[in-house]
Amino acid sequence: MARGVNKAILIGNLGKDPEVRYTQGGTAVCNFSLATTERQKKGDEWVDHTEWHNIVVFGKTAENCQQYLKKGSTAYIEGRIQNRKWQDKEGKDRYTTEIVAQSIQFLGGRPSGGGGGGSSSADAGGGSYGGGGEDFPSGGGGGFDPNDDIPF
């Protein structure tokens, strides 16, 4: 029996181009922000409320995100919520909440109009990491193999 559930499902638009860096072990780590917008009625008016989510992707899927996603792209993300503690330059503890993507679907094709159209999907590796200049563990659950090609 499961001890709990930690699942996030989001559909939104990227707020900036994905950024990829590599761990000392060579694992790609991609970060980007995703905006989700809800429409709420306040009095006689409809008001948009936007939430920003920090997304982290590992492995080959991280590289695919950099290649196929751009600012404004629409993406469907499934993952888990992770709270992470790190230290700033002054040594103060800082905290961040992020979604560690386990599955991503690129919706609506490439925004640059580079052909392709439709949607593509990929399973992402689910390693957790500790921020700062630390190395990120490769691998993660779900049979993730960073050497697998994504079929699109």
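Each value in this text was obtained by applying a stated rule to the coordinates, not by laboratory testing. Since this is a predicted model, take the numbers as computed values, not measurements. Note: ideal-geometry Cβ built from the backbone for every residue, glycine included; neighbour counts use all protein chains shown.
Checking the structure you have, find out if any residue of segment 45-55 is assigned to a strand (DSSP E or B) and in contact with a Phe, Trp or Tyr (Cβ under 7 Å, 6 or more places away or on another chain).
Yes, there is a match, as at least one residue in segment 45-55 is assigned to a strand (DSSP E or B) and in contact with a Phe, Trp or Tyr (Cβ under 7 Å, 6 or more places away or on another chain).
If the requirement is being over 12 Å from the mean Cα position of the chain (by Cα) and closer than 18 Å to TYR76 by Cβ, which of these qualifies: THR61, THR36?
Being over 12 Å from the mean Cα position of the chain (by Cα) and closer than 18 Å to TYR76 by Cβ holds for just one of THR61, THR36, which is THR36.
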- May I ask you to list the residues in segment 66-88 that are of a type outside the set (Val, Ile, Thr), outside any loop (DSSP other than H, G, I, E, B) and under 14 Å from PRO18 (Cβ atoms)? GLN66, GLN67, TYR68, ALA75
- Got at least one residue in segment 77-87 being within 24 Å of GLY4 (Cβ to Cβ), surrounded by fewer than 17 Cβ atoms within 10 Å (Cβ to Cβ) and among the β-branched types (Val, Ile, Thr)? yes
- Query: Which condition number in (1) surrounded by fewer than 10 Cβ atoms within 10 Å (Cβ to Cβ); (2) free of Cβ contacts under 8 Å to residues at least 60 places away in the same chain is the one that CYS65 fails?
  - Reply: (1)
- Query: How about segment 89-105: which of its residues are assigned to a strand (DSSP E or B) and either without any contact (Cβ under 8 Å) to a residue 40 or more places away in the chain or more than 20 Å from the chain's Cα centre (by Cα) (or both)?
  - Reply: ASP93, ARG94, TYR95, SER103, GLN105
